[in-house]
Structure formats: C-alpha cells, structure tokens
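Report on the following structure.
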Amino acid sequence: MGTDVLSLRIDHELLERLRGHAAKRGMSVQDYVVRTLMRDDFDQRFRTAVEETEKFYGVT
C-alpha cells in the first residue's frame, strides 16, 4: 500500500492543541492526526454496519 501527501493549513492555536494531545500520547502531530482520522473512519463504518444489521433484523 502506497502513501500520499495531504497538506493542511491550520491556525497556530489548533496546532498547539494538536501538539499537546500528541505529546500526551508520545506521538508526532502527524501520527496523532492520522490515527484520529482512521479511528473516526472506523467509527462511521461500524455505525453503518450496525444500522444495516438492525434493518435486516427489523430492530429500529
């Protein structure tokens, strides 16, 4: 699996908050942002799967 580059422009305050969150976990800002995005993507896919299962079984 290859990688691509994504460039973001964010304000100083947000960058400092990200640095703080990443530092608490011993991570770089880049790793912290990537893991956060991956976790959010998983949460959305999981929620969709649960909703589809509930529709299949008639649970609402």
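The values are calculated or read from the model by the stated rules, or taken from the named source; none is laboratory data. Note that the coordinates shown come from a computational prediction; the quantities given were computed from them, not determined experimentally. Don't worry about glycine lacking a Cβ; one is built from the backbone with ideal geometry, like all the others, and counts go over all protein chains shown. Please note that ligands, DNA and RNA were not included when accessible areas were found on the heavy atoms of the full protein model with its side chains. Shrake-Rupley method; radii C 1.70, N 1.55, O 1.52, S 1.80 Å.
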Quantify, in whole percent, the carbon and sulfur part of the accessible surface of the chain (1.4 Å probe; protein heavy atoms only).
-> 55
Once both labels are modelled 7 Å past Cα along the beta-carbon direction, what's the VAL59-LEU8 spacing in nm?
-> 3.4
Considering only protein heavy atoms, what per residue accessible area in square angstrom results for the chain with a 1.4 angstrom probe?
-> 98
Karplus 3J(HN,Hα) series, Hz, for segment 2-16 with 6.51 cos²θ - 1.76 cosθ + 1.60 (x for Gly, Pro) = x, 10, 10, 10, 10, 10, 10, 10, 10, 6, 4, 4, 5, 4, 5
For the chain, what's the radius of gyration and Dmax over Cα atoms, in angstrom?
-> 16.8, 49
Would you please give the FRET efficiency between MET38 and LEU15, computed as 1/(1 + (r/R0)^6) with r the Cβ-Cβ distance and R0 = 22 Å, to the nearest 0.05?
-> 0.65
